[in-house]
1. If only one of VAL173, VAL207 is closer than 22 Å to LEU129 by Cα, free of Cβ contacts under 8 Å to residues at least 24 places away in the same chain and surrounded by 15 or more Cβ atoms within 10 Å (Cβ to Cβ), which one is it?
2. Which count do you get for residues in the range 250-291 that are touching a residue at least 12 places away in the same chain (Cβ under 8 Å) and part of a helix (DSSP H, G or I)?
3. If you go through the range 105-121, how many residues are within 11 Å of the ligand (Cβ to nearest atom) and either in a loop (DSSP other than H, G, I, E, B) or crowded, with 19+ Cβ neighbours inside 10 Å (or both)?
4. Answer yes or no as to whether ALA124 is at pLDDT 90 or above and either of a type in the set (Phe, Trp, Tyr) or part of a loop (DSSP other than H, G, I, E, B) (or both).
5. Report every pair of residues separated by at least 6 positions or lying on different chains whose Cβ atoms are under 8 Å apart, first residue within the range 106-124 and among the basic types (Lys, Arg), second more than 9 Å from the ligand (Cβ to nearest atom) and modelled with pLDDT of 95 or more.
6. With the requirement that a residue be within 14 Å of the ligand (Cβ to nearest atom) and in a helix (DSSP H, G or I), what does the range 227-249 give you?
7. Of the residues that sit in the range 130-163 and are within 16 Å of the ligand (Cβ to nearest atom) and in a loop (DSSP other than H, G, I, E, B), which one is surrounded by the most Cβ atoms within 10 Å (Cβ to Cβ)?
8. Identify all residues within the range 148-181 that are at pLDDT below 95 and among the hydroxyl-bearing types (Ser, Thr, Tyr); write none if there are none.
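The values are calculated or read from the model by the stated rules, or taken from the named source; none is laboratory data. Worth saying up front: this structure is predicted, and the values here are computed from it rather than measured. Cβ: placed from backbone, ideal geometry, glycine included. Neighbour counts: every protein chain shown.
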Amino acid sequence: MGVAKASPALLQHLNGGNSDTPVCWRSAPGQQRKPVSLTVVCGVMLFCLGLISLFTGHLASYLEWYSQRLVKRSFFSELEGISRGPIDIWKSEYSRYFSGCSQRGPNFASAVREQSSNGYLLIAASGGLNQLRTGITDAVVVARILNATLVVPELDHHSYWKDESDFINIFDVDWFISYLSKDVTIVKRVPDKFMRSMEKPPYTMRVPRKSSAEYYLDQVLPILLRRRVVQLTKFDYRLASDIDEELQRLRCRVNYHALRFTKPIEELGQKLVMRMRQMAKHYIAVHLRFVQIIDNV
Ligand SMILES: *[C@@H]1O[C@H](CO)[C@@H](O)[C@H](O)[C@H]1NC(C)=O
């Protein structure tokens, strides 16, 4: 099959190349014309290509090196300008394509005041920093759903990091309370007078993951109204993602505005970003996950 389709030139070569129409000719003057084998031609061509690429390869890498030197020089002079002020790490050339959705709507009612609220909601958030953050965000929204007064959430000291830090050590608590004051009433603790008048210790319960707003109204609200103080434990991902749009906006207000790290943490973060920016134009921040492996012993 292959032979039948082969070109006349190749057939010529296979036949010994002694005919009048050989494949290739070396045209050196004064020498007798000799047919050159196809393999030799291909070899020479490959060799030439190799030589060319070897040369252009060097040239390209040299150009690259040179252009990098130029870029680096202008980059570092740019950096000197940047490093004077704090960096807005969220700003990028693409940020204009995104818009926030944390504005409260005009019909979103004001927070219910402490005295007229349905009771106090205590939250024990759990997990690492990331999980704690979503837990706190959901806690604010759940307090809003229940018209409860939220007590500043307790952070987990046991399950992952065994970190002793409280909310007040990690987040700016006064900012948190004041920023959300229109949406939810938040206090630092249940007033002593109120605690003393309670007949029983606070009711403790754990709601299922991703519970809906209706679940809180059906299952938690009656207990809150009866006992006045309810504690929700292991509070991580306990509120459904699919909730009323105004409540979703509240979630954004908490996460993007109300939760601010304390000054020492902010400063340390700035310092790290500055150092990385001084080392290279591009850097990667890796979120190291802590995964607990439980032996089945
Ligand atoms: C919460 O308060 C609003 C008024 O601000 C009221 O319309 C709503 O029914 C209350 N919800 C609960 C669960 O008490």
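1. VAL173
2. Final tally of qualifying residues: 16.
3. Going through the range 105-121 one residue at a time, the tally reaches 9.
4. No, not satisfied.
5. ARG113/THR185
6. Result: GLU246, LEU247.
7. Among those residues, the one meeting the criterion is ALA148.
8. If the condition is that a residue be at pLDDT below 95 and among the hydroxyl-bearing types (Ser, Thr, Tyr), then SER159, TYR160, SER165 are the ones that fit.
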